[in-house]
Each structure stands twice: as structure tokens, then as C-alpha cells.
Amino acid sequence: MALVKAKEVVFENEDNYQKQTYRNRMYIYGANGKLSLNVPIKHTGNKSNHQKYRDVRIENDFPWQKQHWRSLETVYRTSPFFEFYEDDFRPVYDQKFEFLIDFNYKCLELAL
């Protein structure tokens with residue numbers, strides 16, 4: 001994996017947020033095929049003004065984290081090692097994040 005072998009890794013936090021990227025979505029695979037999990041974001045309402053990635057706020061008015069966790073449990077509960085990692089990943093879906101970048105960095109930190 002390139003990330004592991006790299007001498008240095010740099011993340012761009014100042015670029016313009018682009019819709020329909022992996023910054024706010026992921027896919028998991030279950031018995032019925034591919035399932036999309038999207039982190040809802042708050043839209044600024046000003047379409048002419050580009051929003052910086054670091055400024056993108058998560059829409060927490062509905063329980064998206066609860067839905068994501070249930071999906072992960074449903075798909076992976078019987079997989080090997082789910083119980084081993086469950087206690088590490090569960091808090092990410094219990095904690096409320098204001099910014100998408102903070103949620104993404106927390107997930108990356110856990111994965112690494």
C-alpha cells in the first residue's frame with residue numbers, strides 16, 4: 001500500500017469540496033451486493049461560492065450514524081474479527097462530529 005510505504009503523507013484541507021466523492025461516502029458489501037453509506041452534509045446555499053473541505057459541516061439533524069452502524073453490524077457481524085474491532089469503531093458512530101474533515105480523520109486514524 002502506497003500510504004504505508006510513503007516517507008511523508010500530506011493531506012489537502014484547503015481545497016474546494018467536491019460533491020459525489022469519497023469524502024462523504026463509502027460502500028460496503030453484503031449478501032445483497034453493494035450498499036452506499038453517505039454522511040449527510042449541510043449545504044451553504046450559495047452555489048457560486050465554493051466551500052472549502054475543512055469548512056464542510058455534517059448534517060446531524062437525523063440519526064445517520066445510527067443507521068451506518070446498524071448497516072455495518074448487519075453486514076459484518078458474522079465476519080471474522082468484527083468483535084475484535086467493534087469496540088474501537090463503535091465510538092466513532094456514537095460521537096457527534098461537527099465537521100466532515102474531523103470525522104474522516106478519526107476514521108483514518110482508526111484504520112491506520
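Read the figures in this text as sums done on the coordinates, not as results from a lab. Note that the coordinates shown come from a computational prediction; the quantities given were computed from them, not determined experimentally. Reconstructed Cβ throughout: ideal geometry from the backbone, glycine too, with neighbour counts over all protein chains shown.
Can you tell me how many residues within segment 47-74 are closer than 22 Å to Phe97 by Cβ and in contact (Cβ under 8 Å) with a residue 40 or more places away in the chain?
8
Which numbered condition trips up Ala111, out of (1) loosely packed, with under 11 Cβ neighbours inside 10 Å; (2) farther than 27 Å from Glu14 by Cα?
Here Ala111 meets the rest and fails (2).
Step by step: first the residues of segment 84-94, then only those that are without any contact (Cβ under 8 Å) to a residue 12 or more places away in the chain and surrounded by 11 or more Cβ atoms within 10 Å (Cβ to Cβ), then the one that is farthest from Asn60 (Cα to Cα). Which residue is that? Spell out the reasoning first.
Of all residues in segment 84-94, those without any contact (Cβ under 8 Å) to a residue 12 or more places away in the chain come to 84-87, 91.
Among the residues that remain, those that are also surrounded by 11 or more Cβ atoms within 10 Å (Cβ to Cβ) are: 85-86.
Numbers: Tyr85: 25, Glu86: 22 Å.
Looking at residues that are without any contact (Cβ under 8 Å) to a residue 12 or more places away in the chain and surrounded by 11 or more Cβ atoms within 10 Å (Cβ to Cβ), I get Tyr85.
Search segment 1-44 for residues being more than 19 Å from the chain's Cα centre (by Cα) and of a type in the set (Gly, Ala, Ser), and hand back the single one that is surrounded by the most Cβ atoms within 10 Å (Cβ to Cβ).
Ala6
Residue check, Phe81 against (1) in contact (Cβ under 8 Å) with a residue 12 or more places away in the chain; (2) hydrophobic (A, V, I, L, M, F, W, C); (3) surrounded by fewer than 13 Cβ atoms within 10 Å (Cβ to Cβ), all met but one. Which one?
(1)
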